[in-house]
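The values are calculated or read from the model by the stated rules, or taken from the named source; none is laboratory data. Predicted model, so just to flag it, every value in this text is computed and none were measured. As a convention, Cβ positions derive from the backbone with ideal geometry for all residues, glycine included, and neighbour counts pool all protein chains shown. Accessible surface is based on the protein model in full, side chains and every heavy atom, while ligands, DNA and RNA are left aside. Shrake-Rupley method; radii C 1.70, N 1.55, O 1.52, S 1.80 Å.
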Amino acid sequence: MNNTIRSLRLAAGLSQVELAETLGVSRQTVNALETGKYDPSLPLAFRISATFDRRIEDIFFPGAEDAPPTGGRR
């Protein structure tokens, strides 16, 4: 899952530590979110959305690996 968390965080002038404190997670979790190594739970996605006053779908979007498989049997 791709996201715009890093750019939103930087635009808000927040460090990873400050965002982590706001969200109630560790700095490592923020880093993992920003690098796409961790997909948030739905409650965390809602907290991120509220923090940046954006819709979830404006922050998170599928990457190539998240696309549905093609082909297969009918």
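Between (1) 27, 12, 11; (2) 30, 13, 9; (3) 23, 13, 11, which entry matches semi-axes √(5λ) of the Cα gyration tensor in Å as derived from the coordinates of this structure?
Of the labelled values, this structure produces (1).
Rolling a 1.4 Å sphere over the protein heavy atoms, what is the accessible area per residue of the stretch 22-66, to the nearest Å²?
Per residue, the stretch 22-66 has an accessible area of 63 Å².
Per DSSP H run of n ≥ 4, the term is -39500 (n - 2.57); total these for the chain, divide by its residue number, and report the mean residue ellipticity at 222 nm rounded to 500 deg cm²/dmol.
-13500 deg cm²/dmol
Could you check the simple spin-label distance between Ala32 and Ala64, using points 7 Å along Cα→Cβ, in nm with one decimal?
2.5 nm
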